[in-house]
Amino acid sequence: MSTDKSSLQNIIKEAVSNVLQTSEKNDVQRGKTSSLVSSLVAKTKNAIREAVIVMPRPFVMKSEVQSPTTKENHEKLYKSYVDSFNKISSKLDTVARSDADNSNDSDFRRLKIDEVHNMNGVKLHELYFTNTGDLNSEIRADAVPFMRLGRDWGTFDRWQLDYRACGMAAREGWAVCYYDPYKQQYFNTFFEGHTLHLPLMCIPVIITDVWHHAWFYDFPGDKMEYLNKSMREINWNVVEMRMLIAEMAKLQQLYAIQPVIGSEKERVITLGSGPPVEVMGDKGQ
Ligand SMILES: [Fe+2]
């Protein structure tokens, strides 16, 4: 970490120097710029000295689908993910990177795996707590979720069938409806655990916990009943906000970036009906 910190500070200092040189003829501007970047350096210096810390957030679970015992179990697990993530983050600050040379036995590797497991455990529970437990749940025909899900599945009911199937198919994990910026469509899937089968850049808009702790105590052996009842408590206002934010982010632009190709021999591959993909000639092989 200390190496990263010093190199980052050097980069910022170099950027400061460049900025000051280009504005050398303007003392007033130079003063402002120097002050601004000095402030940035100070903030960065403090920020990177700390491990990443996540604070547990308060949630009120109004759901009538789950018993108080199940809600307590969710809460305990959520807090344990927060605590574990913070501990791991702290350990990652000091663990030797040279340890990663042996991918068969590496503390660094174990910590990186557990970091994602616990971070996703926090994020998924927060998304789930927020989009569930609406005792007045209803979806209007002109609501964004109804229109988008109907558009991408043919009908809203077909989306529901698919989403429930994802919940049933997961062993221990999550049913997820997500926005894919690549296709600019909504898809259903399930995550096994917190990290398996997680599509690249998926933006979750509906999450249902289908770990055993979420349903087995209240619906022993009947996950379908749990899913049916859970879907009647989805907070569609939250889902609509997520959809609008996901679409407004225009993350599909990440795929539209093309490399600048200089004097190298260019090779252009056209795949299907999509945009041409340019790759470097000799360098790209
Ligand atoms: Fe849970």
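Given Asp114, Asp101, Asp107, which one is more than 22 Å from Met241 (Cα to Cα), away from the ligand (no atom under 16 Å from the Cβ) and modelled with pLDDT under 95?
Asp101
For every residue, the table says whether it meets (1) within 16 Å of the ligand (Cβ to nearest atom); (2) touching a Pro at 6+ places or on another chain (Cβ under 6 Å); (3) farther than 25 Å from Gly121 by Cβ.
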{"site": "Cys177", "(1), (2), (3)": "no, no, no"}
{"site": "Gln184", "(1), (2), (3)": "no, no, yes"}
{"site": "Thr189", "(1), (2), (3)": "no, no, no"}
{"site": "Val205", "(1), (2), (3)": "no, no, no"}
{"site": "Asp218", "(1), (2), (3)": "yes, no, no"}
{"site": "Tyr226", "(1), (2), (3)": "yes, no, no"}
{"site": "Met241", "(1), (2), (3)": "no, no, no"}
{"site": "Gln258", "(1), (2), (3)": "no, no, yes"}
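What are the residues in the range 80-92 that are within 19 Å of the chain's Cα centre (by Cα) and more than 16 Å from the ligand (Cβ to nearest atom), if any?
Residues satisfying the conditions are Asn86, Ile88, Ser89.
Select the strands (runs of 3 or more DSSP E) contained entirely in the range 147-265, then report the ones holding at least 1 residues which are touching a Lys or Arg at 6+ places or on another chain (Cβ under 7 Å).
Once the strands (runs of 3 or more DSSP E) in the range 147-265 are filtered for at least 1 residues that are touching a Lys or Arg at 6+ places or on another chain (Cβ under 7 Å), what remains is 185-192, 203-209.
Looking at the range 65-106 only, could you name the residues that are in contact with a helix residue (DSSP H, G or I) (Cβ under 8 Å, 6 or more places away or on another chain) and in a loop (DSSP other than H, G, I, E, B)?
Val65, Gln66, Val95, Ala96, Ser103, Ser106
Of all residues in the range 68-79, which are within 11 Å of the ligand (Cβ to nearest atom), touching a residue at least 40 places away in the same chain (Cβ under 8 Å) and open to solvent by 20 Å² or more (accessible area, probe 1.4 Å)?
Within the range 68-79, Asn73, Leu77 meet the criteria.
Tally time: how many residues in the range 117-141 are away from the ligand (no atom under 16 Å from the Cβ), of a type in the set (A, V, I, L, M) and under 20 Å from Tyr186 (Cα atoms)?
2
Could you say which residue among Val144, Val95, Val54, Val65 is among the aliphatic types (A, V, I, L, M) and either within 16 Å of the ligand (Cβ to nearest atom) or open to solvent by 70 Å² or more (accessible area, probe 1.4 Å) (or both)?
After applying the criteria, what remains is Val65.
Under 9 Å between Cβ atoms, which residue pairs at least 6 apart in sequence (or on different chains) link something in the range 119-142 that is under 13 Å from Arg57 (Cα atoms) and free of Cβ contacts under 8 Å to residues at least 24 places away in the same chain with a partner that is more than 13 Å from the ligand (Cβ to nearest atom) and not basic (Lys, Arg)?
Note: pairs meeting the criteria are Lys123/Pro204.
Just one of the numbered conditions (1) aromatic (Phe, Trp, Tyr); (2) without any contact (Cβ under 8 Å) to a residue 60 or more places away in the chain; (3) under 16 Å from Trp236 (Cα atoms) is not true of Phe190; which one?
Unmet for Phe190, out of (1) aromatic (Phe, Trp, Tyr); (2) without any contact (Cβ under 8 Å) to a residue 60 or more places away in the chain; (3) under 16 Å from Trp236 (Cα atoms): (3).
The values are calculated or read from the model by the stated rules, or taken from the named source; none is laboratory data. Everything numeric here is computed off the predicted structure, so don't read it as measured data. A quick note on method: Cβ atoms are made from the backbone with ideal geometry, for glycine too, and the neighbour counts reach across all protein chains shown. SASA here: full protein model, heavy atoms, side chains in, ligands and nucleic acids out. Shrake-Rupley method; radii C 1.70, N 1.55, O 1.52, S 1.80 Å.
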